[in-house]
Amino acid sequence: QVQLVESGGGLVQPGGSLRLSCAASGIIFSIFTMDWYRQAPGKQRELVAGITSGGSTNYRDSVKGRFTISRDNAKKTVYLQMDSLKPEDTAVYYCNANYASPLRADYWGQGTQVTVSS
């Protein structure tokens, strides 16, 4: 069965760092695009960063220069390194695995809480 297991969330002070991990099983990891989303209370879920099977990355403007997404296909794991954290980064962060062809698939992790506060 497909499973995405996230870890690395927690409480951190403004300006601090966290590294989130998402370990996948039950999929051919190397062919999937891997994304990180986040959702704050009362807000819509939003895409934070993504990395394709070929290694191309994209980030929402508010995290550019602070966050880095990477993947290790041998470990079937995607990472989100978060530096210079701000209170507005506080949210539940979700891992997503997806591909579009020849068949479509879309899988989600359980989410991990990130809280940035003094």
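The values are calculated or read from the model by the stated rules, or taken from the named source; none is laboratory data. Just so it is clear, the model here is predicted, and its values are computed rather than measured. Here the Cβ is made from the backbone with ideal geometry for all residues, glycine too, and neighbour counts use every protein chain on show. Accessible surface is based on the protein model in full, side chains and every heavy atom, while ligands, DNA and RNA are left aside. Shrake-Rupley method; radii C 1.70, N 1.55, O 1.52, S 1.80 Å.
Remarks
- Annotation for S30 and S84: the two label points, set 7 Å from Cα along the Cα-Cβ direction, are 3.5 nm apart.
- Stretching the chain fully between R19 and Y107 yields a gain of 29.6 nm (0.36 nm per residue, less the alpha carbon separation).
- Spatially proximal lysines relative to K86 (Cα-Cα < 22 Å; intrachain offsets below 8 disregarded): K43, K64
- A 1.4 Å probe run over the chain, with the rest of the protein chains in place, finds 53 Å² accessible per residue.
- Pair S7, E46: separation of 7 Å Cα→Cβ label points (nm): 2.9 nm
- Convex hull volume of the chain per residue (C-alpha atoms, cubic angstrom): 100 Å³
- Ordering of 31-37, 20-26 by burial proxy (mean other Cβ atoms within 10 Å per residue, highest first): 31-37, 20-26
- Computed packing ranks the peptides 100-111, 63-74 as 63-74, 100-111, most packed first, by mean other Cβ atoms within 10 Å.
- Around the Cα centre of region 1-83, unit charges on the Cβ atoms of Lys, Arg, Asp and Glu (plus for the first two, minus for the last two) sum to a dipole of about 40 debye.
- Carbon-plus-sulfur accessible fraction, the chain (probe radius 1.4 Å, protein heavy atoms only): 48%.
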